[in-house]
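Data first, discussion second: the structure below is written as structure tokens.
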Amino acid sequence: MEAILFYLTALVAVVASFFVVKCRNPINSALCLVTNFICLAVLYVMLEAPFMAAIQIMVYAGAIMVLIIFVIMLLQLASVNKKAYTHGILGGGVLAALMLVLTNRFIAGGEATGTGGEITSEVIQSVGHTELIGRAMFTDFLLPFEIASILLLVAIIGAVILSKREI
Amino acid sequence: MISVHHYLLLSAILFSIGTLGVLTRKNAIVIFMCIEVMLNSVNLTFIALSKHVGNMDGQIFVFFVMTVAAAEAAVGLALMIAFFKNKESIEVDDFNMLKW
């Protein structure tokens, strides 16, 4: 049952991400990208990370995709894309295939060390995934959390300045 | 039974497809979306290995990757709008103002 669900979701994810690359119209690419995000959220649930799945749906499929689709609509790109929309298919394809082969060799050639940590399925079931994330984030990772907030502030200011009229 | 190798293989495939898109597409917004595919495949790697080794730290890193992706979306799309105002185009072949 788990295997069937995994293979189905993985197939949809791979096909959707391929059509992100393939589609001529950027709106179709964006819709395929949403499909890919939702498939990954399903995989996160299968990996016992429901909080990450919720964040994936809300942040990626919600906020970031709304931004991208808003920009596509604003720039009215549908009328521009009559001519060739790709370049360097051969080089890019060879390089991507090479990367796939290389990563497969890495995956097949090694085993992860440090397995058997304290966060098992039973701990996630009893304590709750969100609480575990919150505890880790606000104790061990407090400084990176604050740095992330500063990064978001800088990004907001940068976006506001870049969208001024004189640039 | 699905092991961690399946998830790593899937994320390698997704990363390669994202690389293909970044290298071959001309439209800057589509390139941006392919970068999002690559970031998501890395997130899948993090979460799969986080479950495999029984440690929460990988999922915290996914959280930070998402933060950086959101900041990147805001700034990158603002840059694209500014570029489109100047050049009336969004294709990467027209990004040649620093070339001489």
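Each reported figure results from applying straightforward, stated rules to the coordinates on display, with no laboratory input. From a predicted model like this one, the values you see are computed outputs, not experimental measurements. Using ideal geometry, Cβ is built from the backbone for each residue, glycine included, and neighbour counts are taken over all protein chains shown.
A few remarks follow.
- Qualifying residue in segment A:85-94 (condition: part of a loop (DSSP other than H, G, I, E, B), buried (at least 16 other Cβ atoms within 10 Å of the Cβ) and within 7 Å of chain B (Cβ to nearest Cβ)): yes
- Single residue of segment B:74-100 satisfying the filter (part of a helix (DSSP H, G or I) and in contact (Cβ under 8 Å) with a residue 12 or more places away in the chain) that is surrounded by the most Cβ atoms within 10 Å (Cβ to Cβ): B:LEU77
- Pairs where the first residue, in segment A:132-144, is within 10 Å of chain B (Cβ to nearest Cβ) and without any contact (Cβ under 8 Å) to a residue 12 or more places away in the chain and the second is β-branched (Val, Ile, Thr) and surrounded by fewer than 17 Cβ atoms within 10 Å (Cβ to Cβ), C-beta under 9 Å, 6+ apart: A:ARG135/A:VAL127
- Condition met for B:LEU23 (within 22 Å of A:CYS32 (Cα to Cα), at the interface with chain A (Cβ under 7 Å from one of its Cβ atoms), crowded, with 21+ Cβ neighbours inside 10 Å and not acidic (Asp, Glu)): no
- Of all residues in segment A:99-119, none that is more than 8 Å from chain B (Cβ to nearest Cβ) and at positive phi has its Cβ atom under 9 Å from the Cβ atom of a residue that is outside any loop (DSSP other than H, G, I, E, B) and hydroxyl-bearing (Ser, Thr, Tyr), 6 or more apart or on another chain.
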